[in-house]
Amino acid sequence: MAKGSVRKKGKKWYGRFYIEDESGRKVQKEFAGTESKAETEAMLRKAIADYEEKQFVGKAENITVGDMLDMWVEEELKPGNLSNGTVMSYQGTVNRIKQYPIGKRKLKTVTADHLQAFIDFLSYGGTNPDGTTSKPMSKGYMLLFSAVLQNSFRFAVFPKKLITFNPMQYVKLRGRKQETDIFSDSEENTSSIPTITHEQFQKLEEFLKAKDNPALLPVQIAYYTGLRIGEVCGLTWQDINLEEQYLTVRRSMRYNGTRHTTEVGTTKRSKVRTVDFCDTLAAILRAARTEQRKNRFRYGELYHLNYYKEVKEKGRTYYEVYSLQRTEEVPEDYKELSFVCLRADGAYEAPSTVGIMCRAAKKKVKGLEDFHFHTLRHTYTSNLLSGGAKPKDVQELLGHSDVSTTMNIYAHSTREAKRTSARLLDKVVGGE
C-alpha cells in the first residue's frame, strides 16, 4: 500500500505520496489540495486508491488486448500526426475490436493463430458468440482493422515492453475468392454501384419539399456537386461564389463519438478543392440565401447563430461547433460561422440528421429502396462520365487520391454507359 501525507504551504494544503517508476525506485508525487486539511486528506486517499488500482491493472500479466488498445489510443494515437478524421476511424475500430472475444483475452496469451483466426472471421464472416451471424467485412474495413492491430501490437512491444514480439507480423489478409455461377441465366452477376435517375431525384426533392425538411438543400448540393455529406454540411457562404458559379471545399463536419461533440475538420484527403456548379444549383442557392435572410427576421431573437471553438488536446486541435440563440451570451473564444445548410431557426444542419432523413426517404419513396446519401455522389460521377467528362477532371472534382480510384468504382456503373462505349466500334468499322 502506498503511503502519503499532507502538509501546508501558505494557505493551501498539499498531498504527497510515493510511487514506483519503471526501474522500481520510489518517486514522490505531489498535488495541490484545498485550504481544508480534511478535504485534502480525502483527495489523498482517493489518489492513492486510484494509483493502487492502476498499478494492479498495469501489471503486464493482467492487461487484456482491450486495455492495450486503450493505452495505444491515449499515448500514441491521439498525440500523433494523423488527421482528426483518421483518429476517429481508428478509435471507432478499437471500440469494435473490444466487443469481440479477442478484446477480453490477456495480451500475454495472444498468439498469431488467435489473431489470424480473428482476421479470417472478419474477412469471411461466421457465427458470433451470441449466435448471430456476422457478414464478411469489406476490403476497406479489413485494412482498417489490420492497421489498428499492426500499430497497437507494435506499440505493445515498444515502447511499452508489455510483450516481447509482435504476433501481428505473421498475420495475413486472405481475400475472399470471387465465385461466379457460369450456368446462371442472368445477364450479369456482378453488383453495380448504386445510382439514381433524374426522375428519382425529382421524387426525392418532392418528398423533402412536402415535409419542408432542411435536408433538402444538402441533398440538392450533393446531387449537383458530388460532395460528401460532411463536406456539404461544412460549407459556409464564404466558400460559395455565386457570380462565377463555383464552390471551395475546405472542411468537413462530423460527430466525434469519443468526445461527444460536433466538429469541423479537414476533408477526407485533407486537401482544398474547387468544384464548379450549374445554373440549376446557382438558382437553388440564391433562393436558399434569400429564405435564410427572411427567417432571420421571422424568428427574431429566437434565431440561432453558429460558432466554432478551438480546443487543443494532446497536441491535436479540434474545432467544436455550437448553435446559440441571438439572446444567449457568446463566450469570448467562440467565432461565428455562416453555414449554408441551416434549419429554419438558423441552427446548423448536421450530417446525422440528414442521414436520418435519407433513411426515411428510402422507405417512403418508391424506387429509392437502396438509396443513401452517398448514392448522390455515385450518381454525380456516373452522370459526368456518361456525359463524356474526362476521368482526370472527375477525379479532381471528387477529391480522389488518384484517377484509378475514380475509374475502378464508377467507370462502368450504368448499363447505358457500357452500350454507348460498345457502339463506338460501329462508327470505326462503318467509317462514320
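The values are calculated or read from the model by the stated rules, or taken from the named source; none is laboratory data. Note that the structure is predicted; figures quoted are calculated from it, not measured. When we count neighbours, we look across all protein chains shown, and the Cβ atoms used for this are built from the backbone with ideal geometry, even at glycine. To get the accessible areas, we keep the full protein, side chains included, count just its heavy atoms, and leave off ligands, DNA and RNA. Shrake-Rupley method; radii C 1.70, N 1.55, O 1.52, S 1.80 Å.
Contact map, the range 238-251: first residue closer than 17 Å to Cys278 by Cβ and open to solvent by less than 100 Å² (accessible area, probe 1.4 Å), second residue in a strand (DSSP E or B) and of a type in the set (Asp, Glu), Cβ cut-off under 8 Å, separation 6 or more or different chains; pairs are Gln245/Asp276; Tyr246/Asp276.
Restricting the first member to the range 10-21 and to residues that are within 15 Å of Ala49 (Cβ to Cβ) and open to solvent by less than 90 Å² (accessible area, probe 1.4 Å), and the second to residues that are of a type in the set (Gly, Ala, Ser) and modelled with pLDDT of 80 or more, the beta-carbon pairs closer than 6 Å and six or more apart or on different chains are Gly15/Gly33; Phe17/Gly4. Consider Ser401 carefully, then state whether it is at pLDDT 95 or above, among the hydroxyl-bearing types (Ser, Thr, Tyr), surrounded by fewer than 20 Cβ atoms within 10 Å (Cβ to Cβ) and under 21 Å from Thr248 (Cα atoms). No, not satisfied.
Which of the residues that make up the range 268-288 are open to solvent by less than 100 Å² (accessible area, probe 1.4 Å), among the charged types (D, E, K, R) and within 17 Å of Gly234 (Cβ to Cβ)? Once the filter is applied, which keeps residues that are open to solvent by less than 100 Å² (accessible area, probe 1.4 Å), among the charged types (D, E, K, R) and within 17 Å of Gly234 (Cβ to Cβ), the range 268-288 yields only Arg273.
Somewhere in the range 220-238, is a residue among the polar types (S, T, N, Q), farther than 17 Å from Phe373 by Cβ and outside any helix (DSSP H, G or I)? Yes, because at least one residue in the range 220-238 is among the polar types (S, T, N, Q), farther than 17 Å from Phe373 by Cβ and outside any helix (DSSP H, G or I).
For residues in the range 225-241 being among the β-branched types (Val, Ile, Thr) and touching a strand residue (DSSP E or B) at 6+ places or on another chain (Cβ under 7 Å), which is farthest from Lys268 (Cα to Cα)? The residue in question is Ile240.
Within the option set Thr258, Thr248, Thr267, being touching an Asp or Glu at 6+ places or on another chain (Cβ under 7 Å) and modelled with pLDDT under 95 holds for one residue only, Thr267. Among the candidates Phe201, Phe183, the residue that is at pLDDT 90 or above and either of a type in the set (A, V, I, L, M, F, W, C) or buried (at least 16 other Cβ atoms within 10 Å of the Cβ) (or both) is uniquely Phe201. Could you list, in sequence order, all residues of the range 108-129 that are in a helix (DSSP H, G or I) and either open to solvent by 50 Å² or more (accessible area, probe 1.4 Å) or touching a strand residue (DSSP E or B) at 6+ places or on another chain (Cβ under 6 Å) (or both)? If the condition is that a residue be in a helix (DSSP H, G or I) and either open to solvent by 50 Å² or more (accessible area, probe 1.4 Å) or touching a strand residue (DSSP E or B) at 6+ places or on another chain (Cβ under 6 Å) (or both), then Lys108, Thr109, Asp113, His114, Ala117, Tyr124 are the ones that fit. In the range 204-214, the qualifying residues are those that are surrounded by fewer than 23 Cβ atoms within 10 Å (Cβ to Cβ) and either of a type outside the set (Lys, Arg) or within 28 Å of the chain's Cα centre (by Cα) (or both), and the one that is nearest to Leu342 (Cα to Cα) is Pro214. When the test is whether a residue is open to solvent by 20 Å² or more (accessible area, probe 1.4 Å) and at pLDDT 90 or above, Gly387 does not pass it. Restricting attention to the range 322-372, the residues being touching a strand residue (DSSP E or B) at 6+ places or on another chain (Cβ under 8 Å), open to solvent by less than 80 Å² (accessible area, probe 1.4 Å), not hydroxyl-bearing (Ser, Thr, Tyr) and not in a loop (DSSP other than H, G, I, E, B) number 6. Residue count for the range 130-143 under the criterion of being closer than 19 Å to Val94 by Cβ and open to solvent by 40 Å² or more (accessible area, probe 1.4 Å): the result is 4. Restricting the first member to the range 186-213 and to residues that are under 14 Å from Phe371 (Cβ atoms), and the second to residues that are at pLDDT 95 or above and hydroxyl-bearing (Ser, Thr, Tyr), the beta-carbon pairs closer than 6 Å and six or more apart or on different chains are Phe201/Tyr223.
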